[in-house]
Amino acid sequence: MNKDRVTKNEIRAYFSVYPKNIAPEELTKLIGLKPYKTHLKGDPVVQNNLEGPKFKDNFWSIKSQADPSVSLEEHLENLLDQLRPYKNKILQYTGDMYKELAFTIFCNEGRPGVHINKKLLQELTDYGIEIDMDIYFKKS
């Protein structure tokens, strides 16, 4: 038996807002949803490296809490489960701010499939998001 661990495909999904005229902490207070990660414009990209690159924008994000091995649709459903109770406030306070659904697929075996049913797609569209998808293939 091969001792190398075979890792299945993994997916990570995030809903992010880039608030221009409001600090991420203030956005958290207004919406009432605790983010997974935030940073301010000008914060160092690498913590404690004050001389290195800086973030160009404010950032507020939540992360799917679904297992990395489940389908993209399950990750999207998990994100929407987190967002739904706050939808009106999110729409009220983020208005025309840039919002993005980002997902990353780490393809360690087979070919990744991406499917988003129309119900999920419509609900995601209600938030005024753009989609950013990255796929990484394991080197042979």
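Looking at LEU30, LEU40 in this structure, which one is aliphatic (A, V, I, L, M) and at pLDDT 95 or above?
On the way: LEU40 fails: at pLDDT 95 or above.
Among LEU30, LEU40, only LEU30 is aliphatic (A, V, I, L, M) and at pLDDT 95 or above.
Hey, which of the strands (runs of 3 or more DSSP E) in the stretch 47-140, taking only ones fully inside, have at least 2 residues that are closer than 18 Å to LEU27 by Cα, touching a Phe, Trp or Tyr at 6+ places or on another chain (Cβ under 8 Å) and at pLDDT 95 or above? Even if it seems obvious, please write down each step before you answer.
Working: elements: 59-63, 98-107, 130-137.
It comes to 59-63, 98-107.
Under 8 Å between Cβ atoms, which residue pairs at least 6 apart in sequence (or on different chains) link something in the stretch 84-113 that is within 26 Å of ASN9 (Cα to Cα) with a partner that is among the aromatic types (Phe, Trp, Tyr) and surrounded by fewer than 17 Cβ atoms within 10 Å (Cβ to Cβ)?
THR104/TYR136; ILE105/TYR136; PHE106/TYR136; CYS107/TYR136; CYS107/PHE137
Looking at (1) surrounded by 14 or more Cβ atoms within 10 Å (Cβ to Cβ); (2) within 20 Å of HIS39 (Cβ to Cβ), which is the only condition LYS87 fails?
It is condition (2) that LYS87 fails.
The values are calculated or read from the model by the stated rules, or taken from the named source; none is laboratory data. Keep in mind that what you see is a predicted model, and the values were worked out from it rather than measured. We place every Cβ from the backbone using ideal geometry, glycine too, and count neighbours over all the protein chains shown.
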